[in-house]
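The values are calculated or read from the model by the stated rules, or taken from the named source; none is laboratory data. This one's a predicted model, so the numbers in the text were calculated from it and none came from an experiment. Cβ coordinates were reconstructed from backbone atoms using ideal geometry, including for glycine residues, and neighbour counts include every protein chain displayed. Protein only, heavy atoms only, side chains kept; ligands, DNA and RNA dropped before computing areas. Shrake-Rupley method; radii C 1.70, N 1.55, O 1.52, S 1.80 Å.
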Amino acid sequence: MKRLILTLLASTIAASSVVFAADAPKAQSLDQLLDMVRKAQTAESELNRQREAQFKQARDQQAALLNQAKAELAELERESDRLKAAFDANEKELAVLEEQKTVRVGNLGEMFGVVRQAAGDMAARINRSYVSAEIPGRAKFLEDMAQSKALPKIEALRNLWVSMQQEMTEQGKISRFTAPVVLGDGTQVERELVRVGAFNLVSDGEYYIYSPETNQIQELARQPVARVVSLVDDFESNSSGFEPLYVDPTRGGLLQLVVQAPDLMEKYHQGGVVGYVITGVFFVGILIVLERLITLTIVGGQIRSQLKSATPGNNPLGRVMSVYLANKDADTDNLELKLDEAIMKEVPRLERGIAMVKVFAALAPLLGLLGTVTGMIETFQVITMFGAGDPKLMASGISTALVTTVQGIVTAIPLVFLHSLISGRSKSLIHILEEQSTGIIAQHAEKKGA
Amino acid sequence: MTALTNLWEFVNRFMETGGPVMWIIAFVLFVLWALIIERWLYLQFEYPKEARTLIASWHARQDTSSWQARHIRQAWLSQATERLNTRIVLIKTLVAICPLIGLLGTVWGMINVFEAMSSQGSGNARLMANGISMATMPTMAGMVAAISGLFVAARLEALARNRAEQLADSLPHH
């Protein structure tokens, strides 16, 4: 039991004071232990007192800190209130100033909108203008101005003014300048051009167009009719005074339509196979006519010279005369029969080919009609396939139809005319043979007899 | 001078509305009337003289009824008729050609109409109207030219035939 208490006490002491426990001498007896405990207690209470004092001191210190922090907080809160008040005041002032600004900017903002719009319009106009062919790159600044969000500077406004004024002034001028030109085959060469206001560009007696998309001056692939183009040269060579010139008021629109229209050769090929057949008929007909014209002229000349001489030569009239001379002594009826026979032999040679020309003259419009009908068939086939909605599809077939008609008529007109010409000539020669040959022979006979 | 240029400009405009065919019609019309005037002058002034000398030389002949005389008379008549009728066939052909050229112009104009349609669609009536005027003007011009020549040509032909018959009557067999 004692041992247990001892151990307990010892452990208590050890636990309560680790410092002392380490070097605490071991109790030799109970009294000694008591004494030791007492001493320890005294020491301990001393220690506790010390610690208490220490704690108190610390507590006081903390309280002081707390008070200090509180004071600080209060200070900061006051500061915050002050700043908040200042912020509100500023906010109010800002609102007032903003309002003031809006009022003062008022008219200026409206002007800004107008300026942007004007700059945009002007940029588009300058881009399309023929003046830009001579003075390129003017629209860039205006485009920037139209896009910009900032208020334009006074300098920019002045530039806008200058641009507008320049465009206006240049539009009223006829000016000469050198610029690269894209020719029909795509090559680029330097050319001296004359610009007529904002409407046309001419050079070397030709019209040029300015394409705003590519900023290029292009040679027109096809020029307008000669009457219009013929004035260009005089206009270009003139340096003072006035000279007439055809101007395209649509700024290239009409000239571009000229390019689209097919030329004569393209139209000719629209006729197709029938068109080529008609051309063949035309040339064969013309060849026959030429042959006839030459032959009839030669024979006519021979007959006319035969009229003056009594000795028969180798020509139709001469042959008839030689028949007369061979049968001079036969009786009248017989002679007449022989002469008629001789004339009948000559006539076909003079009439040869003339009927053919007439047939060709009649054939050509018929072939034209054939082409028309085949063209219309083509058109209706197109309508069957694609419907009648697109006039462009139909129009090509119809123009084929019409072109053959034109070719037919164009072939028929000269052939009809030439037919009347050669048939007139051959008829007059046949008249000479049929109605006059006997008379001529009689006159010669009379002269000889007389 | 300005009046003249204005007139020329007017004619040019008129011709342009009808297209190039108008110039062909104008040319044909010019030739036609030149020929008609030539014929009329011949019939009016030249032919009577020729007829008189012919009649005189026939009457101067002693022999007017033999085989020879008969044929000589026929030859003279034939020559006179031929001179009377030269170019009348040509005039008639030109008259006949005029409407044909007009038709050519019509078809040409229609081609322009369809060309305008094929390049611009049928929406643009003004472009098509250009072709239509090109189609109608030559027809009209061709008709007017033909009508103007038709009557005169018929008249000239009848006149020539008349004169030939008169001449045949004036050369009697004695």
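Numerical summary
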| quantity | calculated |
| --- | --- |
| Relative contact order (%) - region A:134-292, alpha-carbon pairs under 8 angstrom, separation at least six | 14 |
| Exposure of A:Phe55 as accessible area (Å², to 10), given a probe of 1.4 Å and all protein chains | 140 |
| Reachable lysines from A:Lys358, criterion Cα separation under 23 angstrom, eight or more residues apart if same chain | A:Lys345, A:Lys427, B:Lys92 |
| Cα gyration tensor shape for region A:230-388, rounded if a/c is under 1.5, else prolate or oblate | oblate |
| Residue (of A:Leu30, B:Thr81, B:His59) at the positive-pole extreme of the protein assembly as shown, dipole from beta-carbon charges | B:His59 |
| Note, ³J(HN,Hα) from phi for region A:226-233, Karplus 6.51, -1.76, 1.60, rounded to Hz, x at Gly and Pro | 4, 4, 6, 6, 4, 6, 5, 4 |
| Largest to smallest accessible area among A:His431, B:His173, A:His419 [probe 1.4 Å] | B:His173, A:His431, A:His419 |
| Number of partner chain Cβ atoms within 10 Å, mean per residue of A:408-415 | 4 |
| Built amide H within the under 5 Å cut-off of A:Gln216, gap 5+ | A:Ser211 |
| Folded to 0 to 90 degrees: helix A:2-16 orientation relative to chain A principal axis, Cα | 50 |
| Folded to 0 to 90 degrees: helix A:437-449 orientation relative to chain A principal axis, Cα | 40 |
| Hits among aspartates and glutamates - C-alpha to C-alpha of A:Lys149 under 15 Å, sequence gap 8 or more where chains match | A:Glu110 |
| Exercise: per-residue mean of other protein chain Cβ atoms within 10 Å, B:103-109 | 6 |
| Theoretical ellipticity at 222 nm over chain A - DSSP helices of four or more residues, -39500 (n - 2.57) apiece, nearest 500 | -26000 deg cm²/dmol |
| Residue mean of other protein chain beta carbons inside 10 Å, B:59-68 | 2 |
| The protein assembly as shown: C-alpha gyration tensor shape, a/c 1.5 cut-off, then a/b vs b/c | prolate |
| Span from the region B:37-115 Cα centroid across to the region A:99-164 one, whole angstrom | 81 |
| Ranked order, B:Ser78, A:Ser396 - accessible area, probe 1.4 Å, largest first | A:Ser396, B:Ser78 |
| Sum of side-chain charges, B:Leu35 neighbourhood, beta-carbon under 12 Å (Lys, Arg +1; Asp, Glu -1) | +2 |
| Probe 1.4 Å - accessible area at A:Asp121, Å² to nearest ten | 80 |
| For region B:1-106: rounded, prolate or oblate by the Cα gyration tensor [a/c cutoff 1.5] | oblate |
| Amide H within-cut-off set for A:Val181, under 5 Å, with H built and near neighbours excluded | A:Val189, A:Glu190, A:Arg191 |
| Among B:33-40, B:21-28, the order from most to least packed when residues are scored by Cβ within 10 Å on average | B:21-28, B:33-40 |
| Mean separation of Cα contacts under 8 Å (6+ apart) over length of chain A, as relative contact order % | 10 |
| Candidates per GluC sites (Glu not before Pro) in region A:361-450, loop by DSSP, up to 10 other Cβ within 10 Å | none |
| Distance between region A:186-257 and region B:159-174 - C-alpha centres, whole angstrom | 68 |
| Carbon plus sulfur fraction of accessible area for region A:179-280, probe 1.4 Å, in percent | 58 |
| Largest-first ordering by accessible area, 1.4 Å probe, given options A:Val382, A:Val403 | A:Val382, A:Val403 |
| Lys, Arg +1 and Asp, Glu -1 on Cβ, resulting dipole of region A:173-260 about Cα centre, debye, nearest 20 | 280 |
| Residue-level accessible surface for A:Lys338, protein heavy atoms, 1.4 Å, Å² | 90 |
| Relative contact order for region B:1-170, counting Cα pairs under 8 Å that sit 6 or more residues apart, in percent | 34 |
| Total accessible surface hidden between A and B, rounded to 100 Å², 1.4 Å probe | 3400 |
| Straight-distance crosslink candidates among lysines, where the alpha carbon sits under 26 Å from A:Lys26 and sequence neighbours closer than 8 are dropped | A:Lys2, A:Lys39 |
| Karplus 3J(HN,Hα) series, Hz, for region A:62-77 with 6.51 cos²θ - 1.76 cosθ + 1.60 (x for Gly, Pro) | 4, 4, 4, 4, 4, 4, 4, 4, 4, 4, 4, 4, 4, 4, 5, 4 |
